[in-house]
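Below you'll find the structure, written out as structure tokens, and then a few comments.
The values are calculated or read from the model by the stated rules, or taken from the named source; none is laboratory data. Predicted, not measured: the structure shown is a model, and the values here were computed from it. Here the Cβ positions follow ideal geometry from the backbone for every residue, glycine too, while neighbour counts run over all protein chains shown. Just the protein is used for accessible areas: all its heavy atoms, side chains included, with ligands, DNA and RNA removed. Shrake-Rupley method; radii C 1.70, N 1.55, O 1.52, S 1.80 Å.
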Amino acid sequence: MELGISSFAELTPDMVTGKTISGHQRMKDLMEEIELTDLVGLDVYALGEHHRPDFLVSSPAVVLAAAAVKTKHIKLSSAVTVLSSDDPVRVFQDFATVDLLSDGRAEIMAGRGSFIESFPLFGYDLEDYDDLFSEKLDLLLKINQSEKVTWEGKHRAPIQNLGVYPRPIQKKLPVWIAVGGTPESVVRAASLGLPLALAIIGGNPAHFKPLVDLYRKTALKASHGHLPLAVHSHGYIADDSQQASDEFFPSYANAMSIIGKERDWPPTTRAQFEAGRSKQGALFVGSPQQIIDKILYEKELFGLDRFLLHMSVGTMPHAQIMHSIELYGTVVAPAVRKAETSV
């Protein structure tokens, strides 16, 4: 099982100091976090795309290209590329470039996104939300399959036997489909034979088992066999459980409450947070042993091929995030890998 980190590169006030660092400093910190992820032996770093002031990165491929020349081993992925409001030709070209810079370590995690700012920004109608994603995914997959492309759709100018360059080092760029839990999205990924990344950021992870079963069953029916499955969950690791809880809660509660206010959710309480930290909860916040146990539990529950720990939710001090990454790579990952090989 691959172990990695995902990030949205938050750019919000630190709940301890009340200050917001500059975008320049946040980018420097982000580069250090990605470099450390590579150095401690983790497998993947995935970066989200957003178009709002509370997140730094609007173009994951640009940042991942910079990270490509600073790292040696980790796979570099988006999490996610908001494909519905982007041009699949440029998405492919950008990630093919990352692939060339990284000696073949680039991936695309395509999704519809959990925010809508990119749609009006790039001139798209939200009424076409699902149709845009389906059509653009079709084009992206065709470009990935063949150097010369002939394609026609409703939302983009047709392409008549044109080449798309550069081509990546890999024969094809790995394209994952990221979903929040809708059966239709799961069926689409399985029918197309694409790896699935399932975001579990709330509730009981066991409640997502029927979706995983649907994914596996649909893939088998479509003759695709076993397809890679990833889970993405919020988390943070500290030396002990109470420290992890106390350090992570302020930024997490603030970020989730801000987003919740936009969506008419109630504010996040400490009781909800602590319930999420339990074995039956979706939060991976605790001591190294707690995180080891929860990863192995979900590995057994879902048959995972990849687990992504999302650090952080809201802004936390850079030193704390760096220590969390260090614990993940030097304590958690070796224990998980040892447990896997002993089965």
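Scanning region 300-340 for residues that are among the small types (Gly, Ala, Ser), surrounded by fewer than 20 Cβ atoms within 10 Å (Cβ to Cβ) and either touching a Pro at 6+ places or on another chain (Cβ under 9 Å) or within 30 Å of GLY225 (Cβ to Cβ) (or both) yields GLY303, ALA335, ALA339. Residue count for region 202-240 under the criterion of being under 21 Å from GLN289 (Cα atoms) and either of a type in the set (Asp, Glu) or touching a Ser or Thr at 6+ places or on another chain (Cβ under 6 Å) (or both): the result is 5.
Taken over region 12-50, the criterion of being at pLDDT 95 or above, farther than 16 Å from ILE325 by Cα, in contact with a helix residue (DSSP H, G or I) (Cβ under 8 Å, 6 or more places away or on another chain) and surrounded by fewer than 21 Cβ atoms within 10 Å (Cβ to Cβ) is satisfied by ILE21, MET27. Of all residues in region 183-199, exactly one satisfies the criterion of being surrounded by fewer than 22 Cβ atoms within 10 Å (Cβ to Cβ) and under 27 Å from ALA275 (Cα atoms), namely PRO183. Among the residues of region 60-102, those that are of a type outside the set (A, V, I, L, M, F, W, C), assigned to a helix (DSSP H, G or I) and over 15 Å from the mean Cα position of the chain (by Cα) comprise SER84, SER85, PRO88, ARG90, GLN93, ASP94, THR97, ASP99. The residue pairs whose first member lies in region 75-87 and is farther than 18 Å from ALA65 by Cβ and touching a residue at least 24 places away in the same chain (Cβ under 8 Å), whose second member is of a type in the set (Val, Ile, Thr) and in a helix (DSSP H, G or I), and whose beta carbons are closer than 8 Å, counting only pairs six or more residues apart or on different chains, are LEU83/VAL91. For region 215-242, a residue qualifies if it is open to solvent by less than 10 Å² (accessible area, probe 1.4 Å), touching a Gly at 6+ places or on another chain (Cβ under 9 Å) and touching a residue at least 40 places away in the same chain (Cβ under 8 Å), and the qualifying residues are LEU229, ALA230, GLY235, TYR236, ILE237, ALA238.
Results for (1) open to solvent by 50 Å² or more (accessible area, probe 1.4 Å); (2) among the charged types (D, E, K, R); (3) within 19 Å of PRO228 (Cβ to Cβ), shown as yes or no for each residue.
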{"residue": "LEU141", "(1), (2), (3)": "no, no, yes"}
{"residue": "LYS154", "(1), (2), (3)": "yes, yes, no"}
{"residue": "LYS172", "(1), (2), (3)": "yes, yes, yes"}
{"residue": "GLY181", "(1), (2), (3)": "no, no, yes"}
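The residue of region 272-299 that is surrounded by the most Cβ atoms within 10 Å (Cβ to Cβ), among those that are outside any helix (DSSP H, G or I) and free of Cβ contacts under 8 Å to residues at least 24 places away in the same chain, is SER278. Pairs meeting the criteria (first residue in region 321-342 and in contact (Cβ under 8 Å) with a residue 12 or more places away in the chain, second residue open to solvent by 40 Å² or more (accessible area, probe 1.4 Å), beta carbons under 6 Å, at least 6 apart or on different chains) are ALA339/LEU296.
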